[in-house]
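A short write-up of the structure that comes next.
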Amino acid sequence: MRTYGVSNGWVSRLLARYRAEGEAAFEPRSRRPKSSPTAVPAAVVEQIVRLRKDLEGAGMDAGPHTIAWHLAHHHGVRVSAATISRYLSARGLVVPEPKKKPKSAFLTFAAEQPNERWQSDFTHYRLTRPDGRPGPDTEILSWLDDHARYALRVTAHPRVTGPIVLDQFRATVAEHGIPASTLTDNGMVFTTRLAGGRRGAGTRNGFEHELRRLGVTQINSTPSHPTTCGKVERFQQTMKKWLRPDTPAHHDRAAAGPARRVRRRLQPPPTAPVVTTPGHPGHDLHRPAQGQPG
């Protein structure tokens with residue numbers, strides 16, 4: 001037995017199995033224990049699945065950390081995000097993305113203080129007419145605090161232009177103060193000094209002049225690296241999830257009104273956190289009311 005690295009007891013059990021079952025005795029068997037006293041109760045597993053479907057149906061973040069937050073705050077049950085992820089995968093509720101880079105491949109960063117850095121970007125969104133037909137396009141401009149991930153300002157426009165970026169930046173500064181730096185991509189509405197031979201290359205637009213006047217450091221991401229502005233990109237993804245479940249009766253008739261609709265839809269209840277990175281139990285999209293903890 002020593003030659004093959006097996007014990008006498010194991011061989012005896014295998015022979016007994018063979019006498020009772022025949023060739024089936026050599027088939028691999030599950031090593032799962034007969035009982036698991038620390039296993040998550042079936043009722044909690046069903047609650048996890050139900051929360052996942054309800055949150056996705058409402059267009060909200062439905063990741064493991066968000067589900068764990070809801071379980072702890074509304075049901076008095078504490079389940080780790082890793083355990084929740086395992087059950088979601090077992091139920092087929094997680095779409096495998098093998099081409100996705102592992103989290104260890106990314107270098108994460110966050111500003112240490114509020115107003116240390118603002119991220120900004122704009123995204124396209126197609127409105128829907130009251131009768132269900134596709135409506136006009138609109139562009140939604142967002143300003144996020146890199147430290148707290150709060151949406152400092154979210155506005156919608158038929159088209160985002162350089163003057164609009166400048167006006168909205170000034171309005172945000174008037175409400176929240178001057179940031180130490182800004183982080184955006186190198187779109188022409190944010191910078192023209194990186195135009196690469198196009199008109200305006202080597203010059204500065206109104207937004208850039210305003211940053212220099214206020215002493216704000218301007219940071220632009222490298223082309224084709226959207227993860228640099230990952231916080232505002234993720235915010236826009238979550239925002240579109242919130243906008244999609246709207247019924248046709250609530251859609252605006254033209255691009256002149258989407259700003260009101262965006263503000264209305266971006267008022268989540270205090271029990272609906274938006275998780276952007278592991279380790280954060282949840283952050284509301286807007287600054288808390290005066291006197292509430294952040």
request  = Mind telling me which of the residues Asp137, Asp167 ends up being of a type in the set (D, E, K, R) and either surrounded by 19 or more Cβ atoms within 10 Å (Cβ to Cβ) or more than 19 Å from His209 (Cα to Cα) (or both)?
outcome  = Asp137
task = Could you list all residues from region 106-134 that are surrounded by 14 or more Cβ atoms within 10 Å (Cβ to Cβ), modelled with pLDDT of 85 or more and part of a strand (DSSP E or B)?
result = Trp118, Gln119, Ser120, Asp121, Phe122, Thr123, Tyr125
request  = Report whether or not Thr66 is modelled with pLDDT under 90 and not in a loop (DSSP other than H, G, I, E, B).
outcome  = no
request  = Pull up region 42-63, narrow it to residues that are within 15 Å of Ala81 (Cα to Cα) and assigned to a loop (DSSP other than H, G, I, E, B), then point me to the one that is modelled with the lowest pLDDT.
outcome  = Asp61
request  = Among residues belonging to region 155-184 that are of a type in the set (S, T, N, Q) and free of Cβ contacts under 8 Å to residues at least 60 places away in the same chain, point out the one that is nearest to Gln113 (Cα to Cα).
outcome  = Thr172
task = Inspect region 28-41 for any residue being assigned to a helix (DSSP H, G or I) and either in contact with a Ser or Thr (Cβ under 9 Å, 6 or more places away or on another chain) or aliphatic (A, V, I, L, M) (or both) and give the result as yes or no.
result = no
request  = Return the residue satisfying two criteria in turn: it lies in region 57-85 and is without any contact (Cβ under 8 Å) to a residue 24 or more places away in the chain and either in contact with a helix residue (DSSP H, G or I) (Cβ under 9 Å, 6 or more places away or on another chain) or within 18 Å of Met239 (Cα to Cα) (or both), and of such residues it is surrounded by the most Cβ atoms within 10 Å (Cβ to Cβ).
outcome  = Ile67
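The values are calculated or read from the model by the stated rules, or taken from the named source; none is laboratory data. Everything numeric in this text was worked out from a predicted model, so none of it was measured. Don't worry about glycine lacking a Cβ; one is built from the backbone with ideal geometry, like all the others, and counts go over all protein chains shown.
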